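What follows is one structure encoded as structure tokens, with my remarks underneath.
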Amino acid sequence: MAQSTTNLGKIHVFPSESLYNQFKDIIADNDLALLKDDGAYIVAALLEQNGYVKFSNGLILQWGYSKSCTVKFPIRFPSQVFFCGIVLDTSYGYEFGPDQLSPKDLNISGFTKYRADFPKCWWIAVGM
């Protein structure tokens, strides 16, 4: 049971209803008891230009801006990548076909851009 002190009393967070029921009789009147729901919530994040958000259900979203041919994800996906998309930085005026906007050699650690002379780009990846 995690708890933190407030000026109104303590906040208790219970991971299950059965655990809450074991302790509900000893919680003070001015304390707040919260039951953690089974929904997904953020467990870790790096909210920067190249960052990620990890959810309690295992889903991970990652994003970034790259200037190099090889892109390494901020964190490794534990098992698989469902999607990875690339958006060109069009300020350079380059034009490429749709196949050149797809990641090459996509894996749980990162990917390689289709061409070594590919311009700067933004990317986003989803996986678990």
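The values are calculated or read from the model by the stated rules, or taken from the named source; none is laboratory data. What you see is a predicted model; the values in this text were computed from it and never measured. Note: accessible area is taken over every heavy atom of the protein model, side chains too, but ligands, DNA and RNA are not part of it. Shrake-Rupley method; radii C 1.70, N 1.55, O 1.52, S 1.80 Å.
Points to keep in mind about this one:
- Over 20 Å between alpha carbons, listed pairs 24/54; 67/104; 54/104: 24/54; 54/104
- Remark: accessible surface ordering of 69, 121 (largest first) is 69, 121, probe radius 1.4 Å.
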